[in-house]
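Below is one structure, written out as structure tokens, with a few remarks after it.
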Amino acid sequence: MVQKPVLYIVIPCYNEQEVLPITAPMFLKKLTQLIGDGLIAEGSRIMFVNDGSSDGTWELIRALSEENEHYIGISQSRNRGHQNALLAGLMEAKELCDISISIDCDGQDDINAMDKMVAAYLDGCDVVYGVRSSRETDSFFKRTTAQCFYKLLSKMGAEVVYNHADYRLLSARVLSQLANFKEVNLFLRGMVPLVGFKSTCVEYVRAERLAGRSKYPLKKMLSLAADGITSLSVKPLRLITSFGVFVAVLSFIGVIWAIVSALCGETVAGWASTTCIVCFVGGVQLICLGIIGEYIGKIYLETKGRPRYIISDRTYDE
Ligand code: UDP
Ligand code: MG
């Protein structure tokens, strides 16, 4: 018989002392059920990642880990943000588990989708994306901004799974490949599709937060969105080049117009030469900026040092 996989549920927590006492037992119940159903190994764990909380979250996690061996926790030295906390947990788990599932600690993501995720893994998928079937529980504002963001991202050429946040299953081999992505500005939901491997989606309904307040105020959402676009695409830089060419063409027309007007004697002295210079210099500057931008884009992508290929299977053993 094949060995049952060891599952690590990775849960970033930032100032969550209100919601953790409610959701921790829910996660444990789910894990015990999955173990009981014979889907995962007994050695599976729930790993909390404390993201430098300033309240009693870490003390709570420590207490939980003493209460039951299935709870474990790590703590970041300071608050680094959700994405970094999540990566820390996943990287910590990668040597210890066969599969990881990342999920928020506020009970919004339906834990019952984990059954389907594990089943999809056992079926041969290395990545299983949790996808929200609807956004009814979101405020109108969050819903519209989120939708605009997904549309903008795909227009910018970045590949993301629509309505998928950070609730997903990753196999250990995907985690070890993800470790090769050395970028500092993290946008995990955009990086995972770049890793590749066989993937599928599992739908779930997202509920309201069970307690406490959202740790993603508008400011953090905007900065995540900006990180998402700028770490996945150099299109904004290209847009400057196109704009530069467009302005240069306009300037060229402007130059001809100024010369013709001057020759026809319709202008005051000095006007044509000034207009020509302004148009010409404006156009040239924007093109130059665009070209510089193009190179900065290349340097930028190089500094990320992303792996150039990823081998998923071999006809022989390594
Ligand atoms: N989180 C974190 N560090 C932060 C902000 C949030 O680890 O700086 C965690 C938080 O504890 C939660 C998850 O990220 O488990 C998602 O945050 P939240 O539920 O507040 O976001 P929302 O669902 O409102 O978008
Ligand atoms: Mg939430």
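The values are calculated or read from the model by the stated rules, or taken from the named source; none is laboratory data. Keep in mind that this is a model prediction, so the values were computed, not measured. So basically every Cβ, Gly included, is an ideal-geometry build from the backbone, and we count neighbours across all protein chains shown. We work out accessible area using only protein heavy atoms, side chains counted, and drop any ligands, DNA or RNA first. Shrake-Rupley method; radii C 1.70, N 1.55, O 1.52, S 1.80 Å.
Taking the Cα atoms only, what angle lies between the long axis of helix 82-93 and the longest principal axis of the chain, rounded to 10 degrees? For 82-93 against the chain, the angle is about 50 degrees. Angle of helix 235-263 to the longest C-alpha principal axis of the chain, folded into 0 to 90 degrees and rounded to 10: 10°. Our summary gives the stretch 119-257 a relative contact order of 36 percent, counting only alpha carbon pairs under 8 angstrom and 6 or more residues apart.
Using a Förster distance of 25 Å, how high is the FRET efficiency between Cys288 and Ile256, based on the Cβ-Cβ distance and rounded to 0.05? Working from the Cβ atoms, E equals 0.70.
Between Thr32 and Glu302, the contour length at 0.36 nm per residue exceeds the Cα-Cα span by 92.7 nm. The magnitude of the dipole of the stretch 27-141, with charges of +1 and -1 set on the Cβ of Lys/Arg and Asp/Glu and taken from the Cα centre, is near 220 debye. The residues neighbouring Ser199, those whose beta-carbon lies less than 11 Å from its own, together hold a net charge of +1 under the Lys/Arg +1, Asp/Glu -1 convention. At q = 0.09, 0.12, 0.15, 0.18 Å⁻¹, what log₁₀ I(q)/I(0) does the stretch 1-129 have when each alpha carbon counts as one equal point scatterer in the Debye sum? Each listed q corresponds, in turn, to -0.23, -0.41, -0.65, -0.94. For Ser133 and Arg80, the difference between the fully extended length at 0.36 nm per residue and the C-alpha to C-alpha distance is 16.1 nm. Output the relative contact order of the chain, whole-number percent, from Cα pairs under 8 angstrom with separation of 6+ residues. Rounded, it is 17 percent for the chain.
Modelled spin-label separation between Ala269 and Lys219, with each label point placed 7 Å from Cα along the Cα-to-Cβ direction: 5.9 nm.
Given only helices, namely DSSP H runs of n ≥ 4 each adding -39500 (n - 2.57), what is the per-residue ellipticity at 222 nm of the chain, to the nearest 500 deg cm²/dmol?
So the calculated ellipticity at 222 nm is -16500 deg cm²/dmol.
For the chain, modelled as a GNM whose springs connect Cα atoms under 10 angstrom apart, the maximal fluctuation among Pro217, Pro236, Pro12 occurs at Pro217. For the stretch 191-280, the relative contact order works out to 22 percent when only alpha carbon pairs closer than 8 Å and six or more residues apart are counted.
Candidate cross-link partners of Lys30 among the aspartates and glutamates, defined by an alpha-carbon separation under 18 Å and a same-chain spacing of 8 or more, comprise Glu42, Glu67, Glu69, Asp98, Asp104, Asp106, Asp109, Asp110, Asp115, Glu203.
A Förster radius of 45 Å, combined with the Cβ-Cβ distance separating Val249 from Ala207, puts the computed FRET efficiency at roughly 0.25. Annotation for Glu66 and Tyr162: the two label points, set 7 Å from Cα along the Cα-Cβ direction, are 5.0 nm apart. Centre-to-centre, using Cα atoms only, the stretch 229-262 and the stretch 127-160 are separated by 32 Å. Remark: for residue pairs Lys151/Lys235; Lys155/Lys304; Lys94/Lys220; Lys198/Lys235; Lys29/Lys94; Lys155/Lys220, the C-alpha separation exceeds 25 Å in Lys94/Lys220; Lys198/Lys235. Rounded to the nearest 10 degrees, the angle from helix 113-122 to the longest Cα principal axis of the chain is 90 degrees.
Overall dimensions of the chain, expressed as equivalent-ellipsoid semi-axes from the Cα gyration tensor (√(5λ), whole Å, largest first), are 51, 22, 17. Here the chain has 60 percent of its accessible surface on carbon and sulfur atoms, given a 1.4 Å probe and all protein chains in place. Local charge for Ala172 was computed over the other residues whose Cβ lies under 12 Å away, with Lys and Arg +1 and Asp and Glu -1, and equals -1.
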